[in-house]
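A.B. asks: Take this structure, written in structure tokens, and hold onto it; I'll ask about it next.
The values are calculated or read from the model by the stated rules, or taken from the named source; none is laboratory data. The shown structure was predicted, so the numbers you read here are calculated from the model rather than taken from an experiment. In this analysis, Cβ positions are derived from the backbone assuming ideal geometry, glycine residues included, and neighbour counts consider all displayed protein chains.
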């Protein structure tokens, strides 16, 4: 992925590896090592950024705080004060949006973990509300596990119909094909409907 900053973004790069305190006359010195893995390589505040994939702008990301941890075996981004993102199609039309209280993005896996009050809306107007959601950006367009959670999820259709996935769901990238776990309520769908109900005891 290539990051393209839309507004000015202030990055604070932390380079300290050692903290040396000296005693009188410099004779007594103690060296304290700092665990750089626990400190973000970049700390950014109040950002609005466009993210490109293969040279095509795909996402508009906004966050109050964005910390990048690149000195770890599995590099990740951390959004402790929430994140909001819009996804674009090839014609730059908004396909959907996501927001959450807290978020992690694991760079190598291209995997998001969204936590808290997670809200997602797809292009058809279907919305999802849950407390934890995983989004695998690496999954193909037709993969049925691009989005997934094992937490209860409330799904609201554009016509107002509410569906409860008591043990979560999984879905393709466009959130148009769903597999619900232990769904509740009386649901009626025709063969053309995209929702499949898998009840797990």
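A.B. asks: Over 13 Å from residue 175 (Cβ atoms) and either free of Cβ contacts under 8 Å to residues at least 24 places away in the same chain or in a strand (DSSP E or B) (or both): does that describe residue 109?
C.D. replies: no
A.B. asks: Here's another thing I want to ask about it. Restricting to segment 77-97, count the residues that are modelled with pLDDT of 95 or more and either within 12 Å of the chain's Cα centre (by Cα) or surrounded by 17 or more Cβ atoms within 10 Å (Cβ to Cβ) (or both).
C.D. replies: So the answer is 7.
A.B. asks: Inspect segment 165-183 for any residue being at pLDDT below 50 and farther than 22 Å from residue 140 by Cα and give the result as yes or no.
C.D. replies: Taking segment 165-183 as the starting set, the residues that turn out to be at pLDDT below 50 are none.
No: zero hits.
A.B. asks: Residues in segment 52-73: is at least one outside any strand (DSSP E or B) and touching a strand residue (DSSP E or B) at 6+ places or on another chain (Cβ under 7 Å)? Explain how you work it out, then say what you get.
C.D. replies: First pass over segment 52-73, keeping only residues outside any strand (DSSP E or B): 54-55, 70-73.
Subsequent filtering for residues that are touching a strand residue (DSSP E or B) at 6+ places or on another chain (Cβ under 7 Å) retains none.
No, segment 52-73 contains no residue that is outside any strand (DSSP E or B) and touching a strand residue (DSSP E or B) at 6+ places or on another chain (Cβ under 7 Å).
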